[in-house]
Amino acid sequence: AEVAEAFTAEKMPQVFNAGNYLQAVPFAMHGPTRDAIVRVWQAGGNIMGVPDVKGPKKPDFPYAADWVKEGAGEEELAVFNRWKRNTAAFYDELREWRGRVREVGAFLKATREAAGPYWFPVYFDSRGRWYYRGLPNPQGSDLAKAVLHFHEKRPLGPRGLFWLKVHIANSAGFDKERMQDRALWTEQNWPRIIAALDEPENHPDVWGKDAPWCMFAACWELREALRSGHPEAYCTGIPVHMDATCSGLQHFSALLRDSVGGLYVNLTDPNQCGPKQDIYSRVAANTMQVIQRDTLSDDPEVAALAAWCVRVGISRSLAKKPVMTYVYGATL
C-alpha cells in the first residue's frame, strides 16, 4: 500500500516523465523488411528465424496402445525412456514455436489493420529497467526489432553511415572486434550482401544466425543511403542497437575507478588493440584456477569434489548468471 501511495506523478515526476517520454516515441513498420518476412512465411517459413508454418512433429509412441511398462525388458525401457525425453523436448519446442508464430501473426495483423505510426506502453521492474508492452514491440525478437523503425526519420549525418555499418556487422555476429574493424567487415562483405538483398530467402547463409532480419533491414537502409548519392543526408528511422558488457559491473567499475574491472567490461582498452574483453570467461578461468588448487586439499572430500569440477569444467554460460546477477543483489 505504501509503495502504491508513493507511486504517483506528483511524488515521482522524473520516473513518470521518463516513462511518458518512451511512450511518446512513435514507431513505424519498415515495409521492405515486413514484405520479405511475409514472403518467407507464405513460402512455409523455417528459414532466417521465421518459424515453420507446420510446427514441430510430435514423436510417435514406439509401442502398441496396449503396451505396459511393468514387466518390460531393459531394451524396451531404454526405447521408452528415449521416447519420453524426445517428447519432453517436443513440448519445449512447441511452446517456443507457438510464441514465435504469435509474434509473426501479431505484426501481420498490425500491418493489415493500421498503417502506423504505433506507440507502445511501458513499465519497469524492481531494478528500474524499462520494458515495452505489446506484440510485437521494439524489444522483441529479431523479427520485431528489424521491422519496427522510428516513425520520425532523421538524416544519417557524418557518423551515421559508420554506425550503420557497425550495426550490420553486430547483427551478423561479428561483434567481438573493435568498432572500426566491424565497419570494415561490412565494407568487405558488401558485394556479397548486395547480391542477396532483393531475395534474402534464397541466400540464408549471407544473413547468419544471430539477427538475420536486423541485418537485412540495416543493409536495405544502407543500400538506399548509398543509392541516394548523398548518404549523409539520407533520412532513416532504423534503430542501431548497442549492447553493454555486463552493465552492472560497468557502473561499479566506473564509480570505483577500477582499472581491472574496467578492462574486462570494456570501459578501457589501454593497449588500443582489442578484441573485446569478456568478464564471464575471465571469471570462469579464475574459478578454475581456484578449483585446481583445491585438488591438493588435505580434506579428501574437498579434493574429490574439486577433481570432479576440473573434469567437468566451468563454462562461460555457467559463470554468466551469477556474475551478471551479483550486482543486482543476488544471494549466494
Open item on the list: Between E2 and Y91, what is 0.36 nm times their sequence separation minus the Cα-Cα distance? Round to one decimal in nm.
Closed with: 27.8 nm
Open item on the list: Before I look further, what does the chain give for accessible area per residue, probe 1.4 Å, in whole square angstrom?
Closed with: 62 Å²
Task: Kirkwood-based shape ratio for the stretch 253-332, expressed as Rg/Rh from alpha carbons - done: 1.07
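As a quick test, which of the pairs K54/K84; K145/K209; K145/K276; K57/K109 have an alpha carbon distance above 19 angstrom in this structure? If you can, show how the numbers build up before the last one.
Numbers: K54/K84 22 Å; K145/K209 15 Å; K145/K276 24 Å; K57/K109 26 Å.
K54/K84; K145/K276; K57/K109, as the Cα separations exceed 19 Å there.
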TODO: Please find, in a Gaussian network model of the chain (springs between Cα atoms separated by less than 10 Å), the residue of E75, E177, E187 whose mean-square fluctuation is greatest.
DONE: E75
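Taking R0 as 45 Å, what's the FRET efficiency between L77 and R316 from their Cβ-Cβ distance, rounded to 0.05?
Computed FRET efficiency for L77 and R316 comes out at 0.80.
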- [ ] Per residue of the stretch 186-196, in order, report the coupling 6.51 cos²θ - 1.76 cosθ + 1.60 (Karplus, θ = phi - 60°) as ³J(HN,Hα) in whole Hz, putting x for Gly and Pro.
- [x] 4, 4, 5, 9, 4, x, 5, 5, 4, 5, 9
TODO: Please find the FRET efficiency linking N202 to S228, where r is the Cβ-Cβ separation and R0 is fixed at 22 Å, and quote it to the nearest 0.05.
DONE: 0.25
- [ ] At a temperature of 10 °C and a viscosity of 1.306 mPa s, determine how fast the stretch 73-139 diffuses translationally according to Stokes-Einstein, using the Kirkwood radius over alpha-carbon pairs as Rh; express D in µm²/s, rounded to the nearest whole number.
- [x] 102 µm²/s
Task: Gaussian network model of the chain, Cα within-10 Å springs - most flexible of D210, D269, D294 - done: D294
- [ ] Find me the longest stretch of the chain that has none of the exposed chymotrypsin sites (Phe, Trp or Tyr not before Pro), where exposed means in a DSSP loop (not H, G, I, E or B) with at most 16 other Cβ atoms within 10 Å.
- [x] 120-327
- [ ] Name the residues whose placed amide hydrogens come within less than 5 Å of the amide hydrogen of T236, ignoring near sequence neighbours (fewer than 5 apart) on the same chain.
- [x] R154, L156
- [ ] Just grab the label-to-label distance for K153 and F16, each label 7 Å out from Cα along the Cβ direction, in nm (one decimal).
- [x] 3.7 nm
TODO: Determine, at each q value in 0.07, 0.13, 0.15 (inverse angstroms), the log₁₀ of I(q)/I(0) that the Debye formula gives when each Cα of the chain is one equal point scatterer.
DONE: -0.45, -1.23, -1.36
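The values are calculated or read from the model by the stated rules, or taken from the named source; none is laboratory data. Everything quoted here is computed from the prediction, not taken from an experiment. A quick note on method: Cβ atoms are made from the backbone with ideal geometry, for glycine too, and the neighbour counts reach across all protein chains shown. Surface areas here come from the heavy atoms of the whole protein model, side chains and all, with no ligands, DNA or RNA. Shrake-Rupley method; radii C 1.70, N 1.55, O 1.52, S 1.80 Å.
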